[in-house]
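Values in this text are rule-based calculations from the coordinates and carry no lab data. Bear in mind that the values here come from a model prediction, so they are computed numbers and not experimental data. Note that each Cβ is placed from the backbone with ideal geometry, even for glycine, and that neighbours are counted across all protein chains shown.
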Amino acid sequence: MFISLEGIDGAGKSTHLAALAQWWRGCGREVVLTREPGGTPLAERLREMVLHESMDPLTESLLVFAARREHVLRVIEPALARGAVVLCDRFTDATFAYQGGGRGFDWAVLQQLEGWVQAGRQPDLTFLFDVPPEVAQARRVAVRQPDRFEAQDTAFFTRVRQAYEQRRLSMPARFAIIDATAPAHEVTAQVLGVMAERATGDLEGR
Ligand code: TYD
């Protein structure tokens with residue numbers, strides 16, 4: 001099973017990755033915890049550039065998809081082939097949200113790149129952690145030095161959130177939308193509830 005976690009910066013998704021990993025290990029499954037951009041040595045180098053160097057939006061989109069290509073071929077596909085559960089902190093929905101929504105880059109070009117890079121591969125389940133941009137910003141403040149995306153204003157994150165929603169509506173079956181304004185332990189309970197429900201088929205199939 002391939003599971004991705006998405007949401008605007010400050011939605012708190014990373015907190016719930018560990019809970020999901022523990023849940024799947026409790027089911028006796030190998031778990032591969034990974035992230036995008038990144039997940040391989042080359043892709044992590046590309047991540048550094050994307051997060052810290054200023055560049056044109058097409059360059060930015062090409063670099064995140066270049067990193068993704070390496071990640072899909074070298075980590076995600078082999079893990080799925082041996083029956084592991086892949087938990088990925090962000091995947092292609094983030095490209096549509098940040099490069100498409102946030103930066104206003106051409107959605108059709110992103111769809112074309114997605115087709116080339118993923119050859120039909122999509123997460124089986126995507127948790128979308130949804131919070132208003134103001135709440136997310138308050139959470140980000142004082143946590144750490146912001147990167148190029150975290151430093152953006154509320155209008156940018158409003159567009160990112162809208163683009164996530166647009167993406168969800170185009171593939172509704174894959175998404176579980178999670179209200180991430182609640183306290184962390186409640187959000188984790190929500191996530192594990194959805195996971196238990198969605199995993200039934202996958203666990204029975206083994
Ligand atoms: P994030 O996942 O929030 O990691 P951390 O918790 O270490 O900050 O940061 C990754 C950033 O990269 C985030 O701001 C969104 C951005 N991003 C894109 O712009 N496009 C993409 O395709 C992906 C995967 C991420």
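Structural remarks
- Potential extension, Gln112-Val141 segment - 0.36 nm per residue separation minus Cα distance: 6.9 nm
- Percent RCO, i.e. relative contact order, over segment 2-204, from Cα pairs under 8 Å lying at least 6 residues apart: 32 percent
- Separation between Cα centres of segment 169-206 and segment 3-56, rounded to whole Å: 17 Å
- Computed from label points 7 Å out along Cα-Cβ, the spacing between Leu42 and Thr181 is 4.4 nm.
- Charged-residue dipole, Cβ positions (Lys, Arg, Asp, Glu), the chain about Cα centre, Debye nearest 20: 360 debye
- The charge dipole of segment 1-100, taken about its Cα centre with unit charges on the Cβ atoms of Lys, Arg (+1), Asp and Glu (-1) only, comes to about 460 debye.
- Per residue, the convex hull around the alpha carbon atoms of segment 8-50 comes to 72 Å³.
- Summed side-chain charge close to Ser14 - residues other than Ser14 whose Cβ falls under 11 Å, Lys, Arg +1, Asp, Glu -1: +1
- Shape parameters for the chain, alpha-carbon atoms, Rg then Dmax in Å: 16.3, 48
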